[in-house]
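K.L.:
Could you have a look at this structure, given as structure tokens, before my questions?
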Amino acid sequence: MPRPMFISWLALAFMTTSSVASLRAAPSMAVFGLASVFLYIVPAIIFLLPTSLVSAELASGWSGGVYNWVKEGISPQMGFLAVWCQFALTITYYPSLLAYVASTFAYVINPNLAGNGLYTAIMIIGIYWLAVLVSSRGLKAVAGIASGGLWIGTLIPGAVLVVLGIVYLLQGNHSAAPMNGAHVLPAWAGIASIVLIVNNFLSYAGMEMNAVHVDELKDAEKEFPKAIFLAMGLVLLIFIVPALAISWVVPADALSLTSGVMQAFDGFFSHFGVTFLTPLFGIMLVAAALGGMLTWLAGPSKGLLLISRQEGYMPPFFQKLNARGIQQNILVAQGVVTSIIALLYAFIPNVSSAYWIFSVIAVPVYLIMYLLMFVAAMRLRRNQPDHPRGYRAPALFTLCVVGFLASLAALVIGFVPPSQFGSGGEWSYLLIVGGGLFVIGLLIPFLFLRFRKPSWKTDEVSQ
């Protein structure tokens, strides 16, 4: 028999860090200054930790990802809903990601474009369709580009941002945000003042994908928790310290949620007289974001394709492959929806508002999948206690209850308009977020299940 291949717990920790950590979310928390530490740690404890450990047990006992977990624990229909929500995340996630890319790239060509909605819409549409073209060709180099992006576009720029921030303060300059004990917790002005914490749940999302590697550890019971805790520490470091550095130089009322990272670099580089570095770091951040996008673009859609071909959940049109075996029809359909959403950037006056709206729509859609996952995990532990598992999460029921309640709370809070966008338009905000959740997360999968036909099941597995 072939010798089993193992990975070290350190390797798994770094893999997890590279897939979760990003500088993109830093501006969202920088508006809170020192309180961003609290707002990052809380969701890490009540969401990141339960998600990681629970998904590790599920992955070590049932192959096939979230569809099989929920199918075995609840029902096939709920399994399809779970995998659909995992896929549907990208419908709202990519417009917000590419809005960040567009605003960052504006600092390379013309910083005044960073808040221009028409420019943002054009960039989102153009970049997305270019990514579809690249993905449809099945280029293997994409994986290498994305892995290099952790260093090129995350670790190096993040370290430079922090070092410059420390030097800036040591020179006697005052921080734009107060850094004292009175600001450790966010100021309470109603629930709307802390709504931005919801975005952190999405920042930590995706840990269930890395849990599939639990069987590749020599001693999963001991090594997986070590890998997860190290990854959590690294992720928190990457998230928190750059956010603080941004808050030192960019006042909260002047901070853009899409271009805040580049605002900080531009401010630091101007202060130190090296503004020629601003375009270079803009390109580095763009390269990292695009590398990650290319890696994940075909992933969720591939999972949806395989389930649809085996179980007949989607019409044959969406199951067709191109000459290179890529699910091009799904990518194109997804691109049409993404383009329509992108056009809204041209009509919503404030680009930061549009960015936040699409980010918030993505959160409840994805959280549905986590709610189902936690319920399935509890039912599987109770109904199939003797099923072989390579890893058994400690206090599983407690972890599931905490994770479920945290996910449910985040879903509900996501319907409250954030105070940063003023007091007007609450009902329109609620309609957009609630309508997005209903249509994307619930109505579309219901229609697929309601009208599916036996002929949709092909029993073919793509290569």
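The values are calculated or read from the model by the stated rules, or taken from the named source; none is laboratory data. Note that the coordinates shown come from a computational prediction; the quantities given were computed from them, not determined experimentally. Positions of Cβ are generated from backbone atoms using ideal geometry, with glycine treated the same way; all protein chains shown enter the neighbour counts. Ligands, DNA and RNA are excluded from the accessible area calculation, which covers all protein heavy atoms including side chains. Shrake-Rupley method; radii C 1.70, N 1.55, O 1.52, S 1.80 Å.
K.L.:
Out of every Cα pair in region 1-143, what percent are spaced more than 20 Å from each other?
P.N.:
Pairs farther apart than 20 Å: 69 percent.
K.L.:
Moving on to the next point. Find out how many positive minus negative residues lie around residue 445, taking Lys and Arg as positive, Asp and Glu as negative, among other residues whose Cβ is under 15 Å from that of residue 445.
P.N.:
Combined, the nearby Lys, Arg, Asp and Glu give +2.
K.L.:
Just to check I understand the Karplus step: with θ = phi - 60° and J = 6.51 cos²θ - 1.76 cosθ + 1.60, what whole-Hz values come out for region 261-278, glycine and proline as x?
P.N.:
In residue order, the calculated couplings are 4, 6, 4, 5, 4, 4, x, 5, 5, 5, 5, 8, x, 10, 5, 5, 7, 4 Hz.
K.L.:
If R₀ is 51 angstrom, what is the calculated FRET efficiency for the pair residue 453 and residue 6, using the beta carbon separation as r and rounding to 0.05?
P.N.:
The formula returns an efficiency of 0.70 here.
K.L.:
When the solvent-accessible surface of protein heavy atoms is calculated with a 1.4 angstrom probe, in what order do 347, 201 fall, highest first?
P.N.:
Sorted descending by solvent-accessible area, the residues read 347, 201.
K.L.:
Rounded to the nearest 0.05, what FRET efficiency do residue 438 and residue 45 give with R0 = 30 Å and r taken as the Cβ-Cβ distance? Could you check?
P.N.:
Efficiency, from the Cβ-Cβ distance: 0.50.
K.L.:
Between residue 218 and residue 167, how high is the FRET efficiency from 1/(1 + (r/R0)^6) when r is the Cβ-Cβ distance and R₀ = 60 Å? Nearest 0.05.
P.N.:
So, using R0 = 60 Å, E works out to roughly 0.90.
K.L.:
Translational diffusion coefficient of region 357-418 at 10 °C, 1.306 mPa s, Stokes-Einstein with Kirkwood Rh over Cα pairs, in µm²/s as a whole number.
P.N.:
Once the numbers are plugged in, D ends up at 123 µm²/s.
K.L.:
Which whole number of Å³ per residue matches the convex hull of the alpha-carbon atoms in region 4-74?
P.N.:
134 Å³
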